[in-house]
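*Asks:* Can you keep this structure in mind? I'll have questions shortly.
The values are calculated or read from the model by the stated rules, or taken from the named source; none is laboratory data. Fair warning: this is a prediction, and the values are worked out from it, not measured in the lab. Virtual Cβ from ideal backbone geometry, glycine too; neighbours counted across all protein chains shown. All accessible areas refer to the heavy atoms of the entire protein, side chains included, with ligands and DNA or RNA removed. Shrake-Rupley method; radii C 1.70, N 1.55, O 1.52, S 1.80 Å.
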Amino acid sequence: MNENFNYKMKLTDEQAAILHGAKGETMAKVMKTLVLYGDAFDAEKMVPVTSEKGHLVTSFGLKVMKPVHDLMDTLIEGGAISAQKFSVDPKPLDPKVPSDFLKNFVFNKFMYSVQDKYDAQLEKLGLIDKNSYTCTCYMDEVGNKPNKGDVLSWAESSAVVYANSVLGAKCNRNSGIIELFGSIVGCVPYFGLLTDEGRKATWIVEVKTTKKPEAQILGSAIGMKVMEDVPYVKGLDKWLGTELDGDTCAYLKDFGAATASNGAVGLYHIENLTPEAVEQGEGIVAEGAKVYVIDDAELARVKNNYPVMWKDKNAKPKLCFVGCPHLSYNQLIEWTDKVADGLKKNGLSKVSVDTVFTAAPGVIEKFEKTPYAAKLKATGVVLSYICPLMYMNNPLAKSMPVITNSNKLRTYTTSRYYTSDEILSIITKEVK
Amino acid sequence: MKQFKGRPVVAGKCTAPALVSHGGFNTLASFQGALQFGDLPIIGKKYQHTECDDQNNKDLYQKPMQDKALCLPQTIGSTTGGMILYCAKALGKCPSCLLFSEHIDSLAAAGAVLGAVWADSPMPVVDCLGQEFLDYVKDGMKITIDEDGTVTVE
């Protein structure tokens with residue numbers, strides 16, 4: 001099996017044996033895929049996956065993804081099961097989220113009609129448990145938090161960039177399926193962000209704003225500029241401080257998601273803040289790095305260039321999503337207080353736009369045990385575990401004026417971006 | 001006519017009209033509508049073909065991508081990208097080939113390799129064609145690629 005397959009990478013005897021069929025035809029194809037993937041980047045070898053758990057990007061049982069579901073069946077039948085347990089991105093549906101008859105029909109009978117089947121496949125392949133559906137698996141409440149230096153086989157752009165940048169783990173921007181293959185064979189090709197050279201910054205970003213920049217716009221600006229390169233961001237510690245506390249990590253979560261979705265950033269360094277920037281300082285900047293200066297005007301330019309995809313640009317918003325990526329526990333508390341205070345100030349008892357906050361099941365569970373849960377419920381905001389992107393990924397949602405403070409959601413859907421302060425103002429005032 | 005020499009990531013031959021993206025190609029944003037609703041006549045004309053759905057891509061937005069020689073610098077965005085390309089390939093809704101001016105990125109490479117190993121017929125992919133290639137090629141030009149990564153544009 002694969003006897004005549006020419007490859008450049010140097011494999012261990014065990015890896016070569018798998019490639020040649022020692023563990024069956026399916027495992028041989030899995031290994032061949034990883035070898036070809038590595039060869040595309042001149043990877044010299046495979047390295048072991050050292051994290052305790054994996055993370056997959058594909059959580060949705062979309063009927064149209066039949067080729068993926070068939071491939072999953074092939075893996076299961078061929079005994080190619082993940083060697084490590086894994087979490088997975090959020091589910092696409094939650095009955096609590098505002099919907100209507102037509103949407104429910106399309107969601108349940110057409111789009112996500114094989115969700116149950118796909119969930120069962122994930123369980124067989126190594127899903128941690130039924131609460132492991134979130135894009136923020138690294139939250140303490142979820143428990144899939146890699147250690148510094150761990151080699152990962154993860155996908156989900158926002159999780160990969162967070163794990164690399166904030167936690168100091170090592171992971172390439174793997175695609176869906178590839179990340180599962182790495183977890184199955186327990187090794188990944190050694191290239192890119194796994195190497196010291198690949199983790200060096202090739203851009204210096206100088207933040208010269210007069211106030212703390214909106215995380216989602218700053219990340220968007222940097223992502224669009226540097227694409228898949230590694231930026232070293234100077235001047236942001238002035239606004240974030242030098243400690244990776246809860247608020248700062250939440251900021252970096254949202255910032256990173258925007259760099260990864262508006263561009264293809266898999267790793268960033270923040271001067272005096274993120275682990276490798278603290279350890280190595282400007283020593284982590286590659287020779288000849290390009291420079292990008294960001295001031296108030298540049299952020300305004302970037303924001304003003306976002307296309308508004310609503311048919312009626314002046315339509316009243318009908319739905320609001322906050323929590324892409326999923327909100328942290330602290331963010332949920334903060335939003336709850338702000339919404340309640342805003343409503344009180346404006347003489348309202350409920351939000352004026354149907355609003356959904358999204359967070360990981362584990363975060364929701366913790367939140368529900370606090371008095372804040374009742375406080376949030378009283379405002380009319382719905383708290384859900386879904387993926388807003390998957391909810392909006394259909395033509396019915398396209399005709400709906402949805403607002404969000406997520407640059408990732410804006411990028412992939414027709415939702416309209418507003419800053420967090422603007423969102424707060426819209427949903428806590430009478431909509432005219 | 002002009003020839004460019006690139007690196008065959010997935011070797012193959014093909015001839016197709018060019019479709020050019022000068023900015024990063026967001027695979028999920030581009031394919032999501034076309035893949036999900038490409039066969040749904042009730043949805044309306046917009047979704048009856050493999051049109052690019054990425055509102056941020058001024059070069060490609062609402063242009064059909066199927067059976068084109070997609071010329072691009074690299075792909076960007078969600079890490080579902082490679083899987084989406086694999087699905088597009090397996091469902092017969094993909095471009096004829098992918099031609100990258102830069103080194104292929106990890107998501108596109110995954111899609112190319114998954115197609116080569118797990119789909120019935122691989123989609124030719126060539127990278128490292130250089131910025132000159134992307135500056136020269138225009139929508140509709142005839143593209144012919146050879147197994148050694150030679151790309152002829154006319």
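*Asks:* Quick one: which of A:V339, A:V322, A:V363 is touching a residue at least 40 places away in the same chain (Cβ under 8 Å) and more than 29 Å from A:N144 (Cα to Cα)? Even if it seems obvious, please write down each step before you answer.
*Replies:* Values: A:V322 fails: more than 29 Å from A:N144 (Cα to Cα); A:V363 fails: more than 29 Å from A:N144 (Cα to Cα).
Going through A:V339, A:V322, A:V363 in turn, just one is touching a residue at least 40 places away in the same chain (Cβ under 8 Å) and more than 29 Å from A:N144 (Cα to Cα): A:V339.
*Asks:* Would you check which residues across segment B:104-122 are open to solvent by less than 10 Å² (accessible area, probe 1.4 Å) and more than 7 Å from chain A (Cβ to nearest Cβ) and list them? Show your work before the answer.
*Replies:* Here is the first cut: in segment B:104-122, the residues open to solvent by less than 10 Å² (accessible area, probe 1.4 Å) are B:104-105, B:107-115.
Those that are open to solvent by less than 10 Å² (accessible area, probe 1.4 Å) and more than 7 Å from chain A (Cβ to nearest Cβ): B:A108, B:A112, B:G115.
*Asks:* Another one. In the list A:D73, A:D42, which residue meets the criterion of being among the acidic types (D, E), modelled with pLDDT of 95 or more and under 30 Å from B:C128 (Cα atoms)?
*Replies:* On the way: A:D73 fails: under 30 Å from B:C128 (Cα atoms).
When all the criteria are applied, what remains is A:D42.
*Asks:* I would also like to ask the following. For segment A:46-77, name all the residues that are assigned to a strand (DSSP E or B), touching a helix residue (DSSP H, G or I) at 6+ places or on another chain (Cβ under 8 Å) and farther than 16 Å from B:C87 by Cβ.
*Replies:* Scanning segment A:46-77 gives A:M46, A:V47, A:G54, A:H55.
Residue-wise test of (1) within 14 Å of chain B (Cβ to nearest Cβ); (2) of a type in the set (S, T, N, Q); (3) crowded, with 24+ Cβ neighbours inside 10 Å; (4) in contact with a Ser or Thr (Cβ under 7 Å, 6 or more places away or on another chain).
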residue	(1), (2), (3), (4)
A:D119	no, no, no, no
A:N131	no, yes, no, no
A:S157	yes, yes, yes, yes
A:N174	yes, yes, yes, yes
A:F181	yes, no, yes, yes
A:T195	yes, yes, no, no
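*Asks:* Which ones in segment A:237-273 are under 12 Å from A:S165 (Cβ atoms) and part of a loop (DSSP other than H, G, I, E, B)?
*Replies:* A:L244, A:V265, A:G266, A:L267, A:Y268, A:L273
*Asks:* A further question follows. Would you check if there is a residue in segment B:80-93 being open to solvent by 20 Å² or more (accessible area, probe 1.4 Å), within 12 Å of another protein chain (Cβ to nearest Cβ) and of a type in the set (G, A, S)? Spell out the reasoning first.
*Replies:* Residues of segment B:80-93 open to solvent by 20 Å² or more (accessible area, probe 1.4 Å): B:89-93.
From the residues that got through so far, the ones that are within 12 Å of another protein chain (Cβ to nearest Cβ) too are B:89-93.
Now drop any that are not of a type in the set (G, A, S), which leaves B:90, B:92.
Yes: segment B:80-93 contains one or more residues that are open to solvent by 20 Å² or more (accessible area, probe 1.4 Å), within 12 Å of another protein chain (Cβ to nearest Cβ) and of a type in the set (G, A, S).
*Asks:* Could you run through segment A:85-111 and say how many residues are under 23 Å from the mean Cα position of the chain (by Cα) and either of a type in the set (K, R) or open to solvent by less than 20 Å² (accessible area, probe 1.4 Å) (or both)?
*Replies:* Qualifying residue count, segment A:85-111: 13.
*Asks:* Let me ask something else. Would you mention how many residues in segment A:1-17 are open to solvent by 10 Å² or more (accessible area, probe 1.4 Å), under 33 Å from the mean Cα position of the chain (by Cα) and within 14 Å of another protein chain (Cβ to nearest Cβ)?
*Replies:* Result for segment A:1-17: 2.
*Asks:* Also, quick follow-up: Could you tell me whether A:I426 is open to solvent by 30 Å² or more (accessible area, probe 1.4 Å) and among the β-branched types (V, I, T)? Don't jump to the end; show me each part of the working.
*Replies:* Working: open to solvent by 30 Å² or more (accessible area, probe 1.4 Å): yes; among the β-branched types (V, I, T): yes.
Yes.
*Asks:* What is the one condition in (1) away from every other protein chain (no Cβ under 14 Å); (2) under 27 Å from A:A277 (Cβ atoms); (3) assigned to a helix (DSSP H, G or I) that A:A163 does not satisfy?
*Replies:* The single condition A:A163 does not satisfy is (1).
*Asks:* Inside segment A:22-40, can you point out the residues that are open to solvent by less than 20 Å² (accessible area, probe 1.4 Å), small (G, A, S) and touching a helix residue (DSSP H, G or I) at 6+ places or on another chain (Cβ under 9 Å)?
*Replies:* The answer is A:A28, A:A40.
*Asks:* Find the residue count for segment A:166-203, including only residues that are in a helix (DSSP H, G or I), under 17 Å from A:L267 (Cβ atoms) and among the small types (G, A, S).
*Replies:* Filtering segment A:166-203 for residues in a helix (DSSP H, G or I) gives A:178-185, A:192-194, A:197-199.
Retained after the next criterion (residues that are under 17 Å from A:L267 (Cβ atoms)): A:179, A:192-194, A:197-199.
Narrowing the set further to residues that are among the small types (G, A, S) leaves A:192, A:198.
Of the residues in that region, 2 qualify.
*Asks:* To continue, here is another question. Tell me whether segment A:203-225 contains one or more residues that are within 29 Å of A:P67 (Cα to Cα), buried (at least 22 other Cβ atoms within 10 Å of the Cβ) and among the polar types (S, T, N, Q). Even if it seems obvious, please write down each step before you answer.
*Replies:* So the first thing to find is which residues in segment A:203-225 are within 29 Å of A:P67 (Cα to Cα), and the list is none.
No, segment A:203-225 contains no residue that is within 29 Å of A:P67 (Cα to Cα), buried (at least 22 other Cβ atoms within 10 Å of the Cβ) and among the polar types (S, T, N, Q).
*Asks:* Within segment A:33-62, can you find the residues that are facing chain B (nearest Cβ under 10 Å), out of contact with any strand residue (DSSP E or B) (no Cβ under 6 Å at 6 or more places or on another chain) and farther than 27 Å from B:L35 by Cα?
*Replies:* A:V35, A:D39, A:F41, A:D42
*Asks:* Suppose we filter A:G235, A:G241 for residues that are farther than 24 Å from A:R173 by Cβ and in contact with a Ser or Thr (Cβ under 7 Å, 6 or more places away or on another chain); which single one remains? Explain how you work it out, then say what you get.
*Replies:* Details: A:G235 fails: in contact with a Ser or Thr (Cβ under 7 Å, 6 or more places away or on another chain).
Criteria check complete, one pass: A:G241.
*Asks:* So, restricting to strands (runs of 3 or more DSSP E) that lie completely within segment B:36-128, which ones have at least 1 residues that are farther than 16 Å from B:A16 by Cβ and modelled with pLDDT of 95 or more? Working first, answer last.
*Replies:* Details: elements: B:69-72, B:97-100, B:125-127.
Those strands (runs of 3 or more DSSP E) span B:125-127.
Yes or no, residue by residue, for (1) open to solvent by 70 Å² or more (accessible area, probe 1.4 Å); (2) under 25 Å from the mean Cα position of the chain (by Cα):
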residue	(1), (2)
A:C324	no, yes
A:A340	no, no
A:S349	yes, no
A:F357	no, yes
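*Asks:* Please state which of the following conditions A:D73 fails to meet, knowing it meets all the rest: (1) of a type in the set (D, E); (2) open to solvent by 30 Å² or more (accessible area, probe 1.4 Å); (3) more than 14 Å from chain B (Cβ to nearest Cβ).
*Replies:* Evaluating A:D73 over (1) of a type in the set (D, E); (2) open to solvent by 30 Å² or more (accessible area, probe 1.4 Å); (3) more than 14 Å from chain B (Cβ to nearest Cβ) leaves (3) as the failure.
*Asks:* Tell me the strands (runs of 3 or more DSSP E) entirely within segment A:283-370 that contain at least 1 residues that are within 14 Å of another protein chain (Cβ to nearest Cβ).
*Replies:* Working: elements: A:285-294, A:319-327, A:354-359.
Strands (runs of 3 or more DSSP E) meeting the threshold: A:319-327.
*Asks:* For segment A:138-157, check the following and say yes or no: at least one residue is of a type in the set (S, T, Y), modelled with pLDDT of 95 or more, within 26 Å of A:V322 (Cβ to Cβ) and part of a loop (DSSP other than H, G, I, E, B).
*Replies:* Yes, some residue in segment A:138-157 is of a type in the set (S, T, Y), modelled with pLDDT of 95 or more, within 26 Å of A:V322 (Cβ to Cβ) and part of a loop (DSSP other than H, G, I, E, B).
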